[in-house]
1. Quick one: what pairs do we get from region 161-172, first residue on the phi > 0 side of the Ramachandran plot and among the charged types (D, E, K, R), second modelled with pLDDT under 90 and open to solvent by 70 Å² or more (accessible area, probe 1.4 Å), C-beta under 6 Å, 6+ apart or different chains?
2. Restricting to region 98-156, count the residues that are of a type in the set (S, T, N, Q), part of a strand (DSSP E or B) and modelled with pLDDT of 85 or more.
3. Which of the following residues is buried (at least 16 other Cβ atoms within 10 Å of the Cβ), in a loop (DSSP other than H, G, I, E, B) and not hydroxyl-bearing (S, T, Y): L267, L363, L357?
4. Could you tell me how many of the residues in region 283-329 are in contact with a strand residue (DSSP E or B) (Cβ under 6 Å, 6 or more places away or on another chain) and hydrophobic (A, V, I, L, M, F, W, C)?
5. Scan region 144-186 for residues that are charged (D, E, K, R) and open to solvent by 40 Å² or more (accessible area, probe 1.4 Å) and jot them down.
6. Is it fair to say W289 is of a type in the set (A, V, I, L, M, F, W, C) and touching a Pro at 6+ places or on another chain (Cβ under 6 Å)?
7. Free of Cβ contacts under 8 Å to residues at least 24 places away in the same chain, of a type in the set (F, W, Y), open to solvent by less than 50 Å² (accessible area, probe 1.4 Å) and within 30 Å of E28 (Cβ to Cβ): which single residue out of F303, F309 fits that description?
Amino acid sequence: MSDMEARLVRLRRKLEQETDPEERADLEAAIAALEEKLAVAAQSITDHAQVGVAIAGGVRGTVTNVTGDVTGSLLSGIFHGAVYLDGRRADQAVRLLGEYMDRLRGRCGSITLEGLHQHKQLGDGDSVSLQQVYTQLTIAGIATREVYRGAELQALDLAAFIQEHTADTLLPAQRRIDLLRPMTAAEQQERRQRGEFVENPGQPPTERMLNESLAQLNTDALRALLPQIDQITFRGPMLVTDAIASTRHLVLLGEPGSGKSTALRYLALTLAEAGLDPARDPVAMLTGWGALEPDQRRLLPLFVPLLPFARRLAADSTMLGSADELWNFLADHVESGNLRSGLAEAVHAEIVAGRALLLLDGLD
């Protein structure tokens, strides 16, 4: 391990133990600068190298998620169009974006756990993969999961499905809470007689759908009704990624330590890996991402802590926090130390083209 690598390990360990927001921001800046120096030292790619990168746009609009120690986190992304950059295009912009995603993957891909470094059998590995320990962040709401129709519905083993998706040990993405199904003709008639809903011509009442909790479901009774039902929809807890895939702007609020920043890091890591390796499918890692069209699922992730930007605003009374000022800060962030001249221009082009997801962490 080189001196720079050893220093990086020490800084990451100190960051894991630090609780003061300003000290953490300083440590993160020092870590980012050191990572950039290491990346430059190890970089052997020339302007003519074939660097494999795959980046595609998504849904037109902006996704916003705001995290911080007090309030939450801001994600802002613009989804539109599609582009795939791979070894067939070895231009400077592709190379720089590929290098950026590789650095982002290294920065967001691991976390340090207190005490692990005390176990000598683990060697220098006092950090673990974020993907190994990330447990998914849920938000208020219910998300649609499986929809069974026709022959597939008639063949469904209800008891087995419910048992498989209701265990207490399941992660949120695997859990199912309830189901929606249409009422049978007999059930509709019974409700009409009780005066529980009134039909409007040309507008079927929503009361024709029944919502049933899986925890209280009588599977035998429902199985007997299957020949009269044409569809069943199972629903589960809504995850942050569900909301991002379906919402133009999203603000995520929560208490300190509730997982807001970690959710952003996981999203940035997953999209960076998908951008570097076309064989990696973000749908397999991001719950709800499959709702996007296939050419809308890969974006350039831009993970940016906001505390240093807030310090700029506090230090300069002429700054108002405008979009231009935020862009100048972002440009400095991606090109810190002038080590990667041209990256800011490449990033700006991706943002303008709608192929970027901006993750602003620490709106306080």
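1. Final answer for the pair search is none.
2. 2
3. Sole residue among the options that is buried (at least 16 other Cβ atoms within 10 Å of the Cβ), in a loop (DSSP other than H, G, I, E, B) and not hydroxyl-bearing (S, T, Y): L363.
4. 6
5. Across region 144-186, the qualifying residues are R145, E146, R149, E152, D157, E164, D168, R175.
6. The answer is yes for W289.
7. Values: F303 fails: free of Cβ contacts under 8 Å to residues at least 24 places away in the same chain.
When all the criteria are applied, what remains is F309.
Here's the yes/no breakdown for (1) out of contact with any strand residue (DSSP E or B) (no Cβ under 9 Å at 6 or more places or on another chain); (2) modelled with pLDDT of 85 or more; (3) basic (K, R); (4) open to solvent by less than 30 Å² (accessible area, probe 1.4 Å):
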{"site": "R194", "(1), (2), (3), (4)": "yes, no, yes, no"}
{"site": "G202", "(1), (2), (3), (4)": "yes, no, no, no"}
{"site": "P205", "(1), (2), (3), (4)": "yes, no, no, yes"}
{"site": "N211", "(1), (2), (3), (4)": "no, yes, no, no"}
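The values are calculated or read from the model by the stated rules, or taken from the named source; none is laboratory data. Keep in mind that what you see is a predicted model, and the values were worked out from it rather than measured. When we count neighbours, we look across all protein chains shown, and the Cβ atoms used for this are built from the backbone with ideal geometry, even at glycine. These area figures cover heavy atoms from the full protein model, side chains too; ligands, DNA and RNA do not enter into them. Shrake-Rupley method; radii C 1.70, N 1.55, O 1.52, S 1.80 Å.
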